[in-house]
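First up is the structure itself, then whatever we jot down about it.
The values are calculated or read from the model by the stated rules, or taken from the named source; none is laboratory data. Being a predicted model, the structure only gives us computed values, none of them experimental. All Cβ positions, even for glycine, are placed from backbone atoms using ideal geometry, and neighbour counts span all protein chains on display.
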Amino acid sequence: MIAQLPARVLTPRPTIERLIHRYGAMPVLWATIRALLMPRKRRARPPDPYHLSPHLRRDIGLPPERPHVPKYYELR
């Protein structure tokens, strides 16, 4: 079944017209411009599992980190 929505639900005009009527045209215009130009908030990246302590690695189910074995060129 396909939903039949009235046209007034699909358009944001009544809401914008109410905002303009309540606050005036210039404040609504400036708020719209500011909202369009501001960068979007991004979610923080999860921590890199290579920098976690052994306790945290174990708590979240990661295998223990292998011991560091120096390469032959690191021994000089």
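Identify all residues within region 21-54 that are within 30 Å of residue 67 (Cβ to Cβ) and under 24 Å from the mean Cα position of the chain (by Cα); write none if there are none.
45, 46, 47, 48, 49, 50, 51, 52 - these are the residues of region 21-54 that are within 30 Å of residue 67 (Cβ to Cβ) and under 24 Å from the mean Cα position of the chain (by Cα).
Matching residues to (1) over 30 Å from residue 16 (Cβ atoms); (2) touching a residue at least 60 places away in the same chain (Cβ under 8 Å); (3) touching a strand residue (DSSP E or B) at 6+ places or on another chain (Cβ under 8 Å); (4) among the acidic types (Asp, Glu):
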| position | (1), (2), (3), (4) |
| --- | --- |
| 32 | no, no, no, no |
| 41 | no, no, no, no |
| 48 | yes, no, no, yes |
| 54 | yes, no, no, no |
| 60 | yes, no, no, no |
| 63 | yes, no, no, no |
| 66 | yes, no, no, no |
Worksheet entry | Set 32, 15: member being at pLDDT below 85, among the hydroxyl-bearing types (Ser, Thr, Tyr) and in a helix (DSSP H, G or I) | 15
